Amino acid sequence: MTLIDSLRANKRDSIITKIASIEDVSIDGFCSDILNGYTVIPKNKKRSFDKACAIGKGLKIKVNVNLGTSPDYEDIEGELRKLDLSVRLGTDTVMDLSVGANLEETLKRVLEHSPVPVGTVPIYEACVKAGNNVKDMRESDFIKAIKRQAEEGVDFFTIHAGITKNTLKVLKESSRLIDIVSRGGAIIHRWMTLTGNENPLFTRFDEILDIAREFDITLSLGDGMRPGAVIDATDAVQLEELKKLGELQKRALKKGVQVIIEGPGHVPLNQIKKNVDLEKSYCNGAPFYVLGPLVTDIAPGYDHITSAIGGAVAASCGADFLCYVTPSEHVRLPSLKDVRDGLVASKIAAHVADLARGNKSAMQRDIDLSKARRKRDWKRQFDLSIDPEKPAEYRKDSRPSVEDVCTMCGEFCPIKISEGTKKS
């Protein structure tokens, strides 16, 4: 029985009460939103972890961190250090996107280590096990990888089931600058082209739903045709896939399977609201999971900033889930520092959107920090900040001549001057 099945039978798991309390929402409304597909709780039946979360309507914006090895970098311990840092800084979920030869061992270690929900893209495993020879992948390999990872305990899957022969026809007729930037989308595209067959993630979607239902796994329906350049945003290819994802979401919900919808990608600022509105319309109000979006293409090395700008706007317009982007996006596998910078930028974007959406606890945190700033209570300010360690390091290194001010203004601190003026 899935979470949706339980709610349909008027049974409420303790996780419902716990998360509703944390989010400060009514239990009845929360349950109704899960039943209607507006909200999900990614959690495999086989997993037990401390930091379950809900993603969707009326809730705080959640943030995901991507981890994983590559053929050029297979340091599992390094990825676990990134996981530890991400959890300490408050990530809500992680995705293991490993494509290195040791991907099974990496996933096992991540699942053992992670106190937050873990997601994957099972097609990567199928491709690696085929020796990275896409043509050698059989339809059964796609399903086998999904089943194995479900049994391992994965909480949510990216499934690129919205790519069909018709999608590829639209792609071929398009004037896209960059055809495909999704790794999963590119694998599916190549397999379909080499074999001449329809996408098995689409044709065998009912089998995938049966696996997801057995383990109560949330499906993250992937945007294999997301734009990889701002000039390509909101084009016919992207929207063709998005419409198909809406149809698949309906099928999944009918079977009691939770779904989130993945979204772009590279989108100029003036098209972000339209993208969010289209997803909510085409996909029946399902939670929207966006990569960024990145609002310009000209900032390699700073894409945590371009994505934070886009993420703040997207979430304030109704997106529910932000996938972090690091400074090293488009350039290399992220370092530990890149992970920190990317996550902090996305956490800032999420909080900015929570404020814009009128979340009371988010505003209270700003108020509490401002009170601490007024009092020059440095420790309290840092404790309330998104990354307490960085401002504490700055404070330690600056060595102010007067203890209760900073070296920017020193004795000319306007807060302290105004405080003295009031007393005189």
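Values quoted throughout were computed directly from the atomic coordinates according to the rules given, and no laboratory measurement underlies them. Model, not experiment: these values are computed from the prediction. Please note: Cβ atoms are built from the backbone with ideal geometry, for glycine as well, and neighbour counts cover all protein chains shown.
Within the shell defined by Cβ-Cβ distances under 9 Å, the residues around residue 148 carry a net charge of -2, with Lys and Arg each +1 and Asp and Glu each -1.
Relative to the current alpha-carbon distance between residue 421 and residue 277, full extension at 0.36 nm per residue lengthens the span by 46.8 nm. With the helix formula -39500 (n - 2.57) applied to DSSP H stretches of n ≥ 4, the chain reaches a computed 222 nm mean residue ellipticity of -15500 deg cm²/dmol.
Build a GNM of the chain with springs between Cα atoms under 10 Å: which of 254, 62, 244 gets the top mean-square fluctuation? Per the Cα network of the chain with a 10 Å cutoff, 254 tops the list. Think of region 361-423 as having a plus end and a minus end, set by charges on the Cβ of Lys, Arg, Asp and Glu; of 391, 415, 363, 415 sits farthest toward the positive end of this dipole.
Distances between placed amide hydrogens fall under 5 Å for residue 66 paired with 95, 324, all partners being 5 or more residues away or on another chain. Could you give the length gained on full extension between residue 337 and residue 411, defined as 0.36 nm per residue of separation minus the Cα-Cα distance, in nm? Fully extending the segment from residue 337 to residue 411 adds 23.2 nm. Between residue 373 and residue 254, residue separation times 0.36 nm minus the direct Cα-Cα distance comes to 37.7 nm. Could you tell me which of rounded, prolate or oblate describes region 361-423, using a ≥ b ≥ c as the square roots of the eigenvalues of the alpha-carbon gyration tensor, with rounded for a/c under 1.5 and, failing that, prolate when a/b is larger than b/c and oblate otherwise? The shape class here is oblate. Charged neighbours of residue 268, selected by a Cβ distance under 12 Å, balance to 0 (K, R count +1; D, E count -1). For the options 358, 37, 246, a Gaussian network treatment of the chain with springs between C-alpha atoms closer than 10 Å singles out 358 as fluctuating the most. Between the amide H of residue 263 and those of 289, 290, 291, distances stay under 5 Å, these residues lying 5 or more places away or on another chain, with hydrogens modeled in the peptide plane. For region 108-117, putting each phi into the Karplus relation 6.51 cos²θ - 1.76 cosθ + 1.60 with θ = phi - 60° gives couplings of 4, 5, 4, 4, 5, 8, 8, x, 10, x Hz, in residue order, rounded to whole numbers and with x for Gly and Pro. The alpha carbon centroids of region 208-262 and region 286-363 are separated by 21 Å. Taking the Cα centre of the chain as origin and assigning +1 to Lys and Arg Cβ atoms and -1 to Asp and Glu Cβ atoms, the resulting dipole is close to 1080 debye. Note on the chain: with a GNM built from Cα contacts shorter than 10 Å, the maximum mean-square fluctuation among 287, 227, 300 falls on 300. Look at the alpha carbon pairs under 8 Å that are at least 6 residues apart: their mean separation over the length of the chain gives a relative contact order of 15 percent. Taking a Cβ cut-off of under 11 Å around residue 44, the surrounding Lys, Arg, Asp and Glu residues balance to a net charge of -1, with basic ones at +1 and acidic ones at -1.
Sparse packing (at most 11 other Cβ atoms within 10 Å of the Cβ) combined with a DSSP loop state is found for none of the trypsin sites (Lys or Arg not before Pro) in region 72-134. Which of rounded, prolate, oblate describes region 41-358, given a ≥ b ≥ c as roots of the alpha-carbon gyration tensor eigenvalues and a/c under 1.5 marking rounded, otherwise prolate only if a/b is larger than b/c? In terms of gyration-tensor shape, rounded.
Taken as Cα centroids, region 382-424 and region 64-98 sit 35 Å apart, rounded to the nearest whole angstrom.
Remark on residue 199: its backbone amide H falls under 5 Å from those of 165, a criterion applied only to residues 5 or more positions apart or on other chains, H modelled at 1.01 Å from N. For region 175-235, the square roots a ≥ b ≥ c of the C-alpha gyration tensor eigenvalues yield an a/c of 1.5 or more together with a/b not exceeding b/c, which makes the shape oblate.
Computed from phi, the 3J(HN,Hα) profile of region 385-401 under the Karplus parametrisation 6.51, -1.76, 1.60 (θ = phi - 60°) reads 7, 5, 10, x, 6, 5, x, 5, 5, 4, 4, 5, 6, 7, 6, x, 6 Hz, with x in place of Gly and Pro. The angle separating the long axis of helix 236-254 from the principal Cα axis of greatest extent in the chain is about 80 degrees.
Put in line by how crowded their Cβ is, counting other Cβ atoms within 10 Å and starting with the fewest, 213, 373 read 373, 213.
Suppose every K and R has +1 on its Cβ and every D and E has -1 on its Cβ; what is the size of the dipole of region 4-62 about the Cα centre, in Debye to the nearest 20? Taking the Cα centre of region 4-62 as origin, the dipole is about 320 debye.
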